[in-house]
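Structure first, commentary second.
The values are calculated or read from the model by the stated rules, or taken from the named source; none is laboratory data. What you see is a predicted model, and the numbers here were worked out from it, not measured in a lab. As a convention, Cβ positions derive from the backbone with ideal geometry for all residues, glycine included, and neighbour counts pool all protein chains shown.
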Amino acid sequence: MRERNAVRVIPRSAVTVALENPAYPMAYGVVANISDVGACVWTTGTFAVGESVVLRLSFPREIQPLQAAGRVVWEDSRRDDKGALRLGVQWSHATGPAHARLKEMFAATS
């Protein structure tokens, strides 16, 4: 079994997400878990592994969504009964003010 790069946090309240890439229609989803290195997202959208995406994450009690860039690193193509599948997204930037804010937000949701 592969060792994890970071501790994953499962949000206590829903963190919704809009996923954007010019080659695909806008997709929406919910964060299953999140960490310093990325997130697992349930979505009805379809993205190819290796594709870059921009995520607009809406955290509870936050007025503005937080934007983060990432890359799809895995896909579980088995859809649930509502048509959603899981995507693994790795953050493009692991440092800087935007990533620090992201870490604050997901720490507050645990």
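Among the candidates Ala68, Ala48, Ala18, the residue that is modelled with pLDDT under 95 and more than 14 Å from Leu102 (Cα to Cα) is uniquely Ala48. Only one entry of Pro11, Pro25 meets the criterion of being touching a helix residue (DSSP H, G or I) at 6+ places or on another chain (Cβ under 6 Å) and either at pLDDT below 90 or not in a loop (DSSP other than H, G, I, E, B) (or both), and that entry is Pro11. For region 86-105, the criterion of being in contact with a helix residue (DSSP H, G or I) (Cβ under 8 Å, 6 or more places away or on another chain) and surrounded by 13 or more Cβ atoms within 10 Å (Cβ to Cβ) is met by at least one residue.
Within region 32-40, is there a residue that is assigned to a loop (DSSP other than H, G, I, E, B), surrounded by 15 or more Cβ atoms within 10 Å (Cβ to Cβ) and without any contact (Cβ under 8 Å) to a residue 40 or more places away in the chain? No: zero hits. Considering only residues that are among the β-branched types (Val, Ile, Thr) and outside any strand (DSSP E or B), which ones fall in region 56-76? Of everything in region 56-76, just one residue is among the β-branched types (Val, Ile, Thr) and outside any strand (DSSP E or B), namely Ile63.
Selection of region 77-110 for residues being of a type outside the set (Val, Ile, Thr), touching a residue at least 12 places away in the same chain (Cβ under 8 Å), closer than 18 Å to Ser35 by Cβ and outside any helix (DSSP H, G or I) yields Arg86, Leu87, Gly88, Gln90, Trp91, Ser92, His93, Ala94, Ser110. The combined condition, being surrounded by fewer than 20 Cβ atoms within 10 Å (Cβ to Cβ), within 13 Å of the chain's Cα centre (by Cα), in a loop (DSSP other than H, G, I, E, B) and of a type in the set (A, V, I, L, M, F, W, C), is not fulfilled by Ala18.
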